[in-house]
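Readers should treat all values here as calculations from the given coordinates under stated rules, not as data from a laboratory. Everything quoted here is computed from the prediction, not taken from an experiment. With ideal geometry, Cβ positions are generated from the backbone for all residues, glycine too; neighbour counts draw on all protein chains shown.
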Amino acid sequence: MSRARADEEEYWHSSKFRAFTFDDEDDELSQLKESKRAVNSLRDIVDDDDDDLEKVSWSGEPVGSISWSIKETASSSSSSLEGRDTSLQKGSSSYAALPKQVSSYSLSSLFKAFSDTGVKNYAPELRRPRAEYKDYSNDWSPRDTVRRMQRGKVCSLERFRSLQDKMVLLDEAVAGHDGNVITAVLIFLKRTLRREVLFRELEVRQVALCHLIHFLKETGEQKLLLDLLRFLDRTEEVALSQYREHLNIQDVEKKREFLKGCIGLPFSAEDISHIQDHYTLLERQIIIETNDRHLAMAGQSEIFRKYPRKASILNMPLVTTLFYSCFYHYTEAEGTFSSPTNLKKTFKIPDKQYVLTALAARAKLRAWEDVDALLTTKNWLGYTKKKAPIGFHRVVEILQRNNAPVQVLQEYVRLVEDVETRLNLATKYKCHDVVIDTYRDLKDRIQLMAYKCKVERGSAEEEKINSLLSNMQIRWKN
Amino acid sequence: MASTARRDAPEPPDFGILKRLARDQLIYLLEQLPGRKDLFIEPDLMSPLDRIANVSVLKQHEVDKLYRVENRPAPSTSDQLCFLVRPRVRTMRYIADIVNADKMSGRSRKYKIIFSPQKFYACEMVLEEEGVFGDVTCDEWSFYLLPLDEDIISMELPEFFRDYFLEGDHRWINSVARALQLLNSLYGPFSRVYGIGRCAKMSYELWRDLEEESENDGQGRKPEIGNIFLMDRDMDYVTALCSQVVYEGLVDDTFRIKCGSVDFGPEVTSSDKSIKVLLNAQDKIFSQIRNEHFSSVFGFLSQKSRNLQAQYDRRQGMDIKQMKNFVSQELKGLKQEHRLLSLHIGACESIMKKKTKQDFQEMIKVEHALLEGFDIRESTSFIEEHIDRQVSPIESLRLMCLLSITENGLIPKDYRSLKTQYLQSYGPEHLLTFHNLKRIGLLTEQAAGETLTAVESRVSKLVTDRAAGKITDAFNSLAKKSNFRAISKKLSLIPRVDGEYNLKMPPDMAYVFSGAYTPLSCKIVEQVLERRGWQGLEEVVRLLNGNEFAMADGAPEDGAGGDAQRVVVAVFLGGCTFSEIAALRFLGKERGCRFIFLTTAITSSARMMEAMAEAKA
C-alpha cells in the first residue's frame, strides 16, 4: 500500500494536480475581480428597476412565498391585528399579478374524472383496488393482514392471540419490508405480551428488534428501552442511553450531579475516562464561572475590564476552557483550578495541544514575550533553543492572524524548516531579512536580484542586498 | 463541457405533472375541511410546499393564517385548525397538547392532520394515548416526488438516511415503493430494473407487490423512461465524504442548497440584502457552469462578462429605431443575464475566500492521498492537527470517516487518540456521535490484534460458496487493504493519467474530483448499464456485500423501444450528492443517454455527519 518515497514525490510534483489551486490568488481571483468590475460597471446602464428581480423581503424570502408568509404571521401575531391583515394582503397582492395556473375546475370533479374514465391512473391511492371488496371479512391470514396494513387500512389484530400466531404475524410484517407495519405489529405485541416474553422473541428477530428500539427512543419510553437493552446484555448501550439524558438537563448543578451518577455506568473502559473527564470539566467550569463572574462584576480585575467576557464558560469543550484559562488566568499558580497548568495536568492535555491553544490565547492578547517563553526550551547545558511541537509555519500563521509586528513574525518565519515554505511565508508577510538571508544561503543570485525591486528604495534591506551582491566571497550558483 | 456525444441524449420527460398532481391533491384535501381555517405547517415541509403552491393558492381554499409547527403554544383563534406535517411522534404530541388545552378550556374546534407523504401507525397510537383520537381527522397527502429540476426528483426525506442506515428502521421503504409505482405509472413501464443494496432490494420487492395487485397494466402505453437503477447509499460512502469541487457541489457545500434554491447573503450580493435564487436549468448562466470543475468556472464567467459588455456596447452608434428595438427585445434578457452573472461571480469570490482560509488545498491533497492509500501517517497527523486547532467539527469528523472507510477502520491507537482529542476540542457529548458512527460503520476501529488468520477465516466464510478456490486471492486483497481499496483497484477508480489531467475537456467522470478519483457509485451504474447486468462484476458485488439484482421485463431488443431505452432513473436511497449528479450527467452526454435522479434527499458530507449527532429531545 505504501509506495516508494520517490513515487510520492513524483505524484505531488506531477503537473496533474497543479491545474487548479485555491491558493493561487494572483491568477484566478484577479480574473474574477476583473469580471466583477466589468459586470459592476454595467450597473449604471442597467438601472435597478427590479422588474425581473424576485421580490424579496428583508429576511431574504421571496415575498408571497409560504415561508415568508409564515414569518409574517409569527411576527405580527405579537403586534396589532391590523398590521397582520395588511401584511397578509400585501402577501397575496404581490402575487396577484402572476398568471394563475391554479386549476380552475373543482378538484373533486377532477379526481372523479380520473377514476371514471380510467384512462390513466394518476393517483393510485384514491382508487379502490379489487382486494377491497373483501373488506368486511374478518378472517385475514397473517399475510393478508400485513398487506392490508401496508395499504394503510385499519385492521384489527386482536384475533392474533396465541404466541405462535403473533410471531407468524410479526414475521410476515418483517418479510413485507414495511417498517410502519412492523412497528404497528410491535405496538400490538408490546400491549399483549409480558415484556420478558416479547424480549425473548425479539432476540432472534433482529429487524423487528431494531424497530422496537427505535420506537422506544422516539416515544421516549426510556425505562422500557433500558430494560430491553439490559435483557439483551447490551450494557454499553444501556450506559450511553442513560448518559444521553444529560443533553436535556438545563440546570448546570443538576447536570453535574447527573454526570457524577454516570461515572458508575457500565461504559467501556475507554469511555469511562471520557465520562469522568466530562464530569470533572463541568465541575471546574462551575467553579471558574462563579469566581470570574464575581471578578468581572466587581470591576477590580484589569483583564476582565479590558476584555469583557462574551459568554459563560459553562458547557464549553475542554480546549475552549483551556483557551479561556490561558487568556484570563495565564499567570496563576498551578494550585488554582483555573490555571492553565492545572488544566493541562488534570486532563492530560498533550503538549502539542497545549502549546497551540496557549499560543493562540497569548497572541490574541499580543503578549509577545509570553509567546517567546512558550516556544523557548532550555537544554541541560542551559542553552536556550526555540522549539515548537506544532511546526513553526503554524506558529507564524497564528501570530499573523493576530497582527503580530514584523519583528516578532520574522523571528519565527526564520525557524520554518522547509525552505520553500519559509520563502513563501517570508515573502507573503514581508519579512525581507529572512528572504534575503535565505537566498544568500541558497546562493541564488538571480532571485536575490529580483527581490531587490520588492524592497523600498534606499532602505536598509536594499543596502543589504547590494552588499551581498557585491560580496566576492559568496560563490553564487547562478 | 463540450464533449463529442455520439448521439444526443434524449430530452428528459416533463415532470411538471408531478407538481400539479401534488398541488391538486393538497387542494382536494383542504376542501375536505370546508370553511375558513388556519394552517400549521411543519418547517421541513415549507420549502417543498413553496415549490408547488403559494400563499394565494392556499388563500383561495380558505386558509386564513399560516403558522409554523414548533414547540410553542399556537396563538390561532380560528375554529378550524389544519396541520400539514411529517409523520412524527414529536409533532403528534404538539398537536395533542393543542387539542387537550382546548378541551380544558371548553373550546370546541375542528382539527385535521394531513400527513405527508403518509401516515404511520405509531402516530395514531400517540393520538390515541393522548386521548385525542377521534377529535382529529387524519388524511394522507401522497406528495412523494418533488421535481427540483428537469432531471432531479427528490423525496425530500433527509431523515431516511438516519432512520434506515443507523436505526435500521424500514418505515420509508413503503414510501419509496409508492414513489416508484407513481413514476412507473406516469412514465413507464420501465423495462429494465437494476439495483444493489439491501434497501434497494426490499424497495423493489415491495414495489413489485404493489404493481401486481394494481389493475393498471400500462400495456400499449409508450414509455418515456426505460431503465431504473436503485442503489443504497452505504454501497458508497467514500464519494459522499469527499470535498466537492464541481460548481454546484461547491455551492452546496458552501451555502447549502435547500430544495433547489440557495440564499446568497450580503457577501455574495454585494448589497445589504440576501437574495434567494433558484438554481436550475432555467438559470442560463448556472446551467452552463453547474457541472464544471471549479477551475473552469472563472474563465467561463469572465468570457461571459466580456460578451455581455460587448452586447451593451452595441448601443453606441445606434439610431433611434435600433435603440427602440434593442430596448424592447434584448435589454430584458441582457439585464437578466447581468443579474445572474454578478450573482455567480459573487458566489465564486465568496467560495474562493472561504476555501483559501480553510487550507482547502492541503485538505484536498490529504483526501487524494487517502483515496490512493499512501501517506496514511501524514494524513492522520493532518486530521489530528485539524482537530487540535478546533477547525470545523464537521470537517474533522468527515476526514476521520474518510480515513476509516478507505483503511477499513482505524488502528486502535489512532482511534483512541483521535477520539480523545475530538472530545476535548469539540465537547465530550460527542461520545454519542462516535457511538453512532461506529454503529453505522462510518468510523470504526480495527479489531485489536486482528491477525491474518482471523481475517482469513472471516473472508473464507464470506466466499465459501462462490469462489472457494479464490480464497487466497481474495484474502490477499483483503488482508491489508480494505474493501474500498480492493474495489477501487478492481474498477480502476483512481485514473492513471500521463501528464496533466484535462479538467476543461475531461476524459472521464473522475473530473468531478479533479481527476483523482472516479465516484464509485457512478462507476457501478456505468458498468452495469454497459453490461446490461452484473455479469463480470461478481468480485465487486462480493466486496460490496451482494444484494444485487437485475430484471428485464419484456425489454425491447437493442434499437427498439426508442428514446425511452436511453433514459435511466438513478435512484439513490439515502441521498445523492451534486458531484454524483455531475458525474452521471457527464456519462450521459458521453453515451447519449439521459439520467434522471431520484433521491430520498440531496446530501453532502456535512449533512451526513450532522445526521449522526445526537440532539436534545
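Observations, loosely collected:
- In this structure, the amide hydrogen of residue B:445, modeled 1.01 Å from its nitrogen in the peptide plane, lies closer than 5 angstrom to those of B:410, counting only residues at least 5 positions away or on a different chain.
- Taken one residue at a time, the phi angles of segment A:403-416 give Karplus couplings (6.51, -1.76, 1.60, θ = phi - 60°) of 6, 5, x, 4, 4, 5, 4, 3, 4, 8, 4, 4, 8, 5 Hz. Gly and Pro are set to x.
- Shielding of peptide B:485-495 by partners, expressed as the average count of other chain Cβ atoms within 10 Å per residue Cβ, is 0.
- Amide H to amide H distances under 5 Å link residue B:548 with B:197, where only residues 5 or more positions off or on other chains count and H is placed in the peptide plane.
- Model label sites at residue B:128 and residue A:473, defined 7 Å from Cα along the beta-carbon direction, differ in position by 9.6 nm.
- For segment A:340-478, the Cα gyration tensor yields ellipsoid semi-axes of 34, 16, 12 Å (square root of five times each eigenvalue, largest first, whole Å).
- Averaging Cα coordinates gives a centre for segment B:485-523 and one for segment B:157-211; these two points are 30 Å apart.
- By the beta-carbon count within 10 Å of each Cβ, the least crowded to most crowded order of B:300, B:83, fewest first, is B:300, B:83.
- Spin-label pair residue A:366-residue A:296: with each label point 7 Å from Cα along the Cα-Cβ axis, the two points sit 2.3 nm from one another.
- Kirkwood hydrodynamic radius over Cα pairs of chain B, then Stokes diffusion coefficient at 10 °C and 1.306 mPa s, in µm²/s: 59 µm²/s
- Debye-sum result for segment B:254-353 in log10 I(q)/I(0), which assumes one identical scatterer on each alpha carbon, at q = 0.22 Å⁻¹: -1.19
- In segment A:157-230, trypsin sites (Lys or Arg not before Pro) in a DSSP loop with at most 12 other beta-carbon atoms within 10 Å: A:159, A:161, A:194
- Listing A:283, B:384 from fewest to most neighbouring C-beta atoms within 10 Å gives A:283, B:384.
- Simple label model, 7 Å out from Cα along Cβ direction - residue B:60 to residue A:387, nm: 7.7 nm
- Between residue B:527 and residue B:205, the FRET efficiency from the beta-carbon distance, with R0 = 25 Å, is close to 0.60.
- For residue B:83, the residues whose modelled amide H falls within less than 5 Å of its own, excluding neighbours fewer than 5 places apart on the same chain, are B:40, B:112, B:113, B:114.
- Cleavage-rule hits (GluC sites (Glu not before Pro)) in segment B:1-110: DSSP loop, at most 14 neighbouring Cβ within 10 angstrom: B:70
- Base-10 log of normalised Debye intensity for segment B:15-142 (one unit scatterer per alpha-carbon) at q = 0.20 Å⁻¹: -1.19
- 222 nm mean residue ellipticity, helices alone, for chain B (DSSP H n ≥ 4; -39,500 (n - 2.57); rounded to 500): -15000 deg cm²/dmol
- Shielding of peptide A:317-324 by partners, expressed as the average count of other chain Cβ atoms within 10 Å per residue Cβ, is 5.
- Pairwise Cα distances in segment B:503-617 exceed 23 Å for 41 percent of all pairs.
- Inter-part distance where segment A:403-478 and segment A:313-378 are each reduced to a Cα centre, Å: 34 Å
- Going from the residue with the fewest nearby Cβ atoms within 10 Å to the one with the most, B:97, B:44, B:375 rank B:97, B:44, B:375.
- Couplings for segment B:242-254, taken from phi via the Karplus curve 6.51 cos²θ - 1.76 cosθ + 1.60 with θ = phi - 60°, read 7, 4, 8, 10, 7, 3, 4, x, 5, 4, 5, 5, 8 Hz in order; Gly and Pro are left as x.
- Each residue of segment B:43-48 is assigned a 3J(HN,Hα), and the resulting list reads x, 5, 9, 5, 5, x Hz, derived from the Karplus form 6.51 cos²θ - 1.76 cosθ + 1.60 (θ = phi - 60°), x at Gly and Pro.
- With a 10 Å cut-off around each Cβ of B:364-372, the average count of Cβ atoms from other chains is 2.
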